[in-house]
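The structure under discussion appears below in the form of structure tokens.
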Number of protein chains: 2
Amino acid sequence: MARVVQKFGGSSVADAESIARVARRVVETQQEGNEVVVVISAMGDATDDLMDLAQRVNPNPPGRELDMLLTAGERISAALLAMAIDARGATAVSYTGSQAGVITTAAHGNARIIDITPGRIVSALNQGHVVIVAGFQGVAQDTKDVTTLGRGASDTTAVALAAALGAEYCEIYTDVDGVFTADPRIAPQARRIPQINYEEMLELAANGAKILHLRCVEYARREQVPVHVRSSFSDQPGTWVVAAPDIPSGGIMEDALITGVAHDLSEAKVTVVGVPDRPGRAARVFEVIAALDVNIDMIVQNASVSDDTTAISFTLADADRPRAIEGLRLAQRDIGFTDIIYDDMIGKVSVIGVGMRSHPGVTARFFSALATIGINISMIATSEIRISVVVGEDDVPAAVRAAHTAFGLDSESGEAVVYAGTGR
Amino acid sequence: MARVVQKFGGSSVADAESIARVARRVVETQQEGNEVVVVISAMGDATDDLMDLAQRVNPNPPGRELDMLLTAGERISAALLAMAIDARGATAVSYTGSQAGVITTAAHGNARIIDITPGRIVSALNQGHVVIVAGFQGVAQDTKDVTTLGRGASDTTAVALAAALGAEYCEIYTDVDGVFTADPRIAPQARRIPQINYEEMLELAANGAKILHLRCVEYARREQVPVHVRSSFSDQPGTWVVAAPDIPSGGIMEDALITGVAHDLSEAKVTVVGVPDRPGRAARVFEVIAALDVNIDMIVQNASVSDDTTAISFTLADADRPRAIEGLRLAQRDIGFTDIIYDDMIGKVSVIGVGMRSHPGVTARFFSALATIGINISMIATSEIRISVVVGEDDVPAAVRAAHTAFGLDSESGEAVVYAGTGR
């Protein structure tokens with residue numbers, strides 16, 4: 001008998017019919033001899049609807065109360081799923097994050113899981129029940145107030161529960177068929193990746209692939225929880241995220257240099273111009289940004305040329321750009337730079353794969369593929385298993401397709417894969 | 001500084017505008033120097049909507065999960081009210097029934113409050129916050145599962161909290177102006193009762209006046225909590241329910257024999273015909289009913305006339321009638337009666353008032369008023385401060401008006417009172 005955690009997102013429980021479909025799958029998994037814990041998101045647009053209500057009574061609602069409000073969404077879908085399972089003749093109990101023992105920090109709206117004390121869950125499993133846990137929520141260790149983990153964090157709840165319960169694996173049901181070698185809406189020849197290791201999945205998630213939340217993959221890697229990303233609309237296998245794939249990440253090809261191509265259109269590039277080329281001035285720029293709790297992705301510092309100044313460029317989430325620029329403007333006199341310019345019409349394209357570790361030729365092949373079709377690269381960043389470039393936003397689709405072809409990832413048949421979902 | 005509990009029903013928080021209006025009233029109460037605890041119901045039709053969702057996934061949902069589901073409604077309105085209070089510059093924290101320390105039995109859907117441990121509430125009050133408590137819910141002492149107290153029980157939560165917190169009084173905001181001497185939709189000359197004692201309010205609630213839940217009044221009497229029933233749509237005083245009114249319950253009249261006239265159309269009369277007139281047979285009838293957990297109101301046993309049988313009539317909630325008759329049919333051979341007939345076209349009219357204790361003439365005046373307009377009485381029941389009669393359903397409005405006039409309750413001006421609400 002295996003213990004399994006299954007997570008279903010909002011689109012899988014959008015209405016009564018969808019909930020009944022999820023119930024069927026859960027009961028089948030139990031009937032196959034498994035202990036089943038289900039983590040559930042709020043129904044369809046429920047969270048957005050609650051957020052709208054909040055905005056109407058208070059445009060800037062206190063975080064504690066917003067968490068009290070939003071967590072009602074998962075509580076509702078959890079109770080309904082338990083009822084639907086009961087209607088199929090099995091028994092189920094639903095728990096809030098708090099009841100399930102999901103202990104978090106007190107950072108309302110963006111809490112982190114500190115610990116899970118799954119006593120009630122284990123007890124219910126021992127009694128033969130399916131256990132439903134409201135995702136996305138927990139209870140703060142110190143204040144005992146209800147918290148939320150940030151959007152999309154039901155995946156993290158599921159993986160954390162799988163780790164705490166010693167589950168054999170964690171299934172993440174979504175509206176796509178798995179993780180692909182590129183976004184099939186941009187690269188029609190993209191293929192599903194049957195298995196991928198945690199590091200590659202981390203790089204994909206961090207560089208624009210939205211299929212799994214970054215924090216969820218970090219958790220899975222740290223706790224070594226095998227994660228199966230699959231479609232809730234089919235019974236086909238999806239993508240296994242594991243420590244050591246027993247088939248090459250690239251799928252069929254033994255010698256794959258890279259596993260996938262990710263892209264990200266959500267960043268902007270900010271350039272601070274005329275920074276005095278003296279020790280500590282560049283550091284001041286990043287101290288200001290850090291104090292605003294804004295994350296920076298890529299950085300390029302241009303060498304001094306004619307005068308005694310330098311230019312510093314960095315990328316960050318475009319949503320953080322106004323705040324970052326505002327903060328830098330306030331520190332302009334102190335740092336002594338002359339101007340700030342920005343460009344939000346950029347995109348990042350990354351090639352990712354453990355195969356590149358032992359192949360120095362990857363960078364050359366990537367850049368050459370882009371040069372051949374006349375795409376200009378404005379920034380470059382690398383890790384051991386990733387190369388990212390910043391290009392113009394309009395060049396991103398062509399760059400993704402060129403890299404996908406150059407590294408031999410196109411499906412052999414030359415046919416476009418069937419792609420069920422919206423690329424979420 | 002007084003500590004006050006205010007309860008607002010679903011119609012008072014039906015939308016964002018209503019919630020803002022409640023927030024204003026709450027903040028004003030705090031600014032007058034009070035510590036304020038607010039008990040809140042779910043928004044408008046929220047509970048019905050959730051119930052509909054439940055029915056769609058499971059026509060017979062398990063009680064534990066139904067309680068998990070329905071309690072989301074009050075959680076939502078509580079959080080929204082806290083946000084609305086924050087928007088007015090005060091601070092508020094919302095608590096679920098469980099967080100507020102409302103400990104109940106485990107009878108899902110109809111739990112009873114066992115105890116209240118208001119530690120978190122007191123702590124929040126000490127920090128200067130308004131405290132919002134989700135009504136209608138608690139947590140089961142043994143299972144730690146979330147429970148509901150049954151519909152309309154937010155009033156009970158409010159009174160129980162007022163008792164546990166040593167509040168000066170409990171205000172129940174509703175959509176009518178208070179308790180009236182009769183239902184103004186039937187008796188236009190009915191007047192608001194400024195003060196009424198617990199016993200009279202209990203009799204009114206038990207005999208058809210729907211303004212306060214029976215259990216709430218019982219709780220208020222036991223714990224001696226003054227309750228102020230008033231309209232959330234005006235600043236006019238409503239009705240104070242207290243131990244010892246310092247003005248006569250009837251209002252202006254010193255010598256009022258009765259305080260109000262209540263009526264109830266929700267009962268039916270069942271007659272068991274041909275019960276053998278031997279010791280224990282009548283008792284068997286009521287044992288059968290009691291085993292079904294059905295409450296009986298009035299009972300009449302007819303004396304034997306020609307044969308050795310008797311007829312037993314009783315009234316009960318019409319909703320329980322099919323179940324009761326079914327149960328009796330199954331026991332027909334055992335008890336030995338010949339038939340069961342029923343009449344659901346009946347109504348009960350009750351005159352209530354502590355004034356009748358010392359006035360033996362009340363019964364005569366009541367019956368005479370009905371006889372004068374040709375109304376036939378089919379059953380009679382009395383308590384120390386109440387006389388109830390069963391009449392034909394069509395006769396109820398005339399009977400209410402006749403009693404109201406006969407006991408001098410009509411407003412002196414002869415004008416109909418302004419009646420804000422729907423008589424809920």
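The values are calculated or read from the model by the stated rules, or taken from the named source; none is laboratory data. None of these values were measured; they are calculated from a predicted model. Note: ideal-geometry Cβ built from the backbone for every residue, glycine included; neighbour counts use all protein chains shown.
Given the structure, is A:Ile211 surrounded by fewer than 19 Cβ atoms within 10 Å (Cβ to Cβ) and not in a strand (DSSP E or B)? Reasoning before the result, please.
Numbers: surrounded by fewer than 19 Cβ atoms within 10 Å (Cβ to Cβ): no; not in a strand (DSSP E or B): yes.
No.
The lone criterion from (1) modelled with pLDDT of 95 or more; (2) in a helix (DSSP H, G or I) left unmet by B:Gly138 is number (2). Of the candidates B:Asp15, B:Asp67, B:Asp52, the single residue that is surrounded by fewer than 18 Cβ atoms within 10 Å (Cβ to Cβ), more than 7 Å from chain A (Cβ to nearest Cβ), within 25 Å of A:Ser94 (Cβ to Cβ) and under 26 Å from the mean Cα position of the chain (by Cα) is B:Asp52. Any residue at all in region B:157-178 that is touching a Leu at 6+ places or on another chain (Cβ under 6 Å) and hydroxyl-bearing (Ser, Thr, Tyr)? Within region B:157-178, none of the residues are touching a Leu at 6+ places or on another chain (Cβ under 6 Å) and hydroxyl-bearing (Ser, Thr, Tyr).
Please specify each residue of region B:144-185 satisfying the condition of being part of a strand (DSSP E or B) and small (Gly, Ala, Ser). If the condition is that a residue be part of a strand (DSSP E or B) and small (Gly, Ala, Ser), then no residue fits.
Within region B:93-123, which residues are crowded, with 19+ Cβ neighbours inside 10 Å and within 11 Å of another protein chain (Cβ to nearest Cβ)? B:Val93, B:Ser94, B:Tyr95, B:Thr96, B:Ser98, B:Gln99 - these are the residues of region B:93-123 that are crowded, with 19+ Cβ neighbours inside 10 Å and within 11 Å of another protein chain (Cβ to nearest Cβ). Any residue at all in region A:103-124 that's modelled with pLDDT of 95 or more, closer than 24 Å to B:Arg64 by Cβ and within 17 Å of the chain's Cα centre (by Cα)? The answer is no; no qualifying residue exists.
For region A:345-376, name all the residues that are of a type outside the set (A, V, I, L, M, F, W, C) and closer than 15 Å to A:Asp395 by Cβ. Passing the criteria: A:Gly347, A:Lys348, A:Ser350, A:Thr372, A:Gly374, A:Asn376. Taking each residue of region A:56-74 that is in a helix (DSSP H, G or I) and looking for partners that are buried (at least 22 other Cβ atoms within 10 Å of the Cβ) and aromatic (Phe, Trp, Tyr) with beta-carbon atoms closer than 6 Å, six or more apart or interchain, yields A:Glu74/A:Phe136. Number of residues in region B:360-375 that are surrounded by fewer than 16 Cβ atoms within 10 Å (Cβ to Cβ) and in contact with a strand residue (DSSP E or B) (Cβ under 7 Å, 6 or more places away or on another chain): the value is 1.
Checked against the criterion of being in contact with a Leu (Cβ under 7 Å, 6 or more places away or on another chain), buried (at least 24 other Cβ atoms within 10 Å of the Cβ) and assigned to a strand (DSSP E or B), the candidates A:Val36, A:Val5 yield just one match: A:Val5.
Matching residues to (1) part of a strand (DSSP E or B); (2) farther than 25 Å from B:Glu32 by Cβ; (3) among the aromatic types (Phe, Trp, Tyr):
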site: B:Gly97; (1), (2), (3): no, yes, no
site: B:Ala100; (1), (2), (3): no, no, no
site: B:Ile103; (1), (2), (3): yes, yes, no
site: B:Ala106; (1), (2), (3): no, yes, no
site: B:Gly109; (1), (2), (3): no, yes, no
site: B:Asp115; (1), (2), (3): yes, yes, no
site: B:Val122; (1), (2), (3): no, no, no
site: B:Leu125; (1), (2), (3): no, no, no
site: B:Asp142; (1), (2), (3): no, yes, no
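Taking the criterion of being farther than 17 Å from A:Leu125 by Cβ and in contact (Cβ under 8 Å) with a residue 60 or more places away in the chain, the residues of region A:76-110 that qualify are A:Ser77, A:Leu80, A:Ala84, A:Ala87, A:Arg88, A:Gly89, A:Gly97. Within region A:252-265, the set of residues being closer than 19 Å to A:Pro184 by Cβ, surrounded by fewer than 18 Cβ atoms within 10 Å (Cβ to Cβ) and at pLDDT below 95 comprises A:Ile252, A:Met253.
For region A:171-202, the set of residues classified as among the aromatic types (Phe, Trp, Tyr) and touching a residue at least 60 places away in the same chain (Cβ under 8 Å) consists of A:Tyr173, A:Phe180, listed by residue number. The condition (being closer than 30 Å to B:Arg357 by Cα and crowded, with 24+ Cβ neighbours inside 10 Å) is satisfied by just one residue among B:Val146, B:Val179: B:Val179. Restricting region A:74-92 to residues that are in contact with a helix residue (DSSP H, G or I) (Cβ under 6 Å, 6 or more places away or on another chain) and facing chain B (nearest Cβ under 7 Å), the residue that is nearest to B:Leu53 (Cα to Cα) is A:Leu80. Applying the condition of being within 14 Å of chain A (Cβ to nearest Cβ), in contact (Cβ under 8 Å) with a residue 12 or more places away in the chain and not in a loop (DSSP other than H, G, I, E, B) to region B:39-49 and asking which residue is nearest to the chain's Cα centre (by Cα) yields B:Ile40. Looking only at residues of region B:8-32 that are in a helix (DSSP H, G or I) and of a type in the set (D, E, K, R), we find that the one that is farthest from B:Ala78 (Cα to Cα) is B:Glu28. Checked against (1) out of contact with any strand residue (DSSP E or B) (no Cβ under 8 Å at 6 or more places or on another chain); (2) within 30 Å of A:Thr29 (Cβ to Cβ), A:Ile211 passes all but a single condition, namely (1). If you go through region B:324-335 and pick out every residue that is at pLDDT 95 or above and among the basic types (Lys, Arg), you end up with 1.
Exactly one residue out of B:Arg230, B:Arg222 is in contact with a strand residue (DSSP E or B) (Cβ under 9 Å, 6 or more places away or on another chain) and either within 28 Å of B:Arg112 (Cα to Cα) or at pLDDT 95 or above (or both): that is B:Arg230. Among the residues of region A:296-330, which ones are in contact with a Lys or Arg (Cβ under 7 Å, 6 or more places away or on another chain) and farther than 18 Å from A:Gly208 by Cα? Matches in region A:296-330: A:Ser313 only. Does B:Ala268 fit the bill of being under 32 Å from the mean Cα position of the chain (by Cα) and farther than 29 Å from B:Asp395 by Cα? Here the answer is no, as B:Ala268 does not meet what is asked. For region B:297-322, the candidate set comprises residues that are loosely packed, with under 15 Cβ neighbours inside 10 Å and among the charged types (D, E, K, R); within that set, the residue that is modelled with the lowest pLDDT is B:Asp307.
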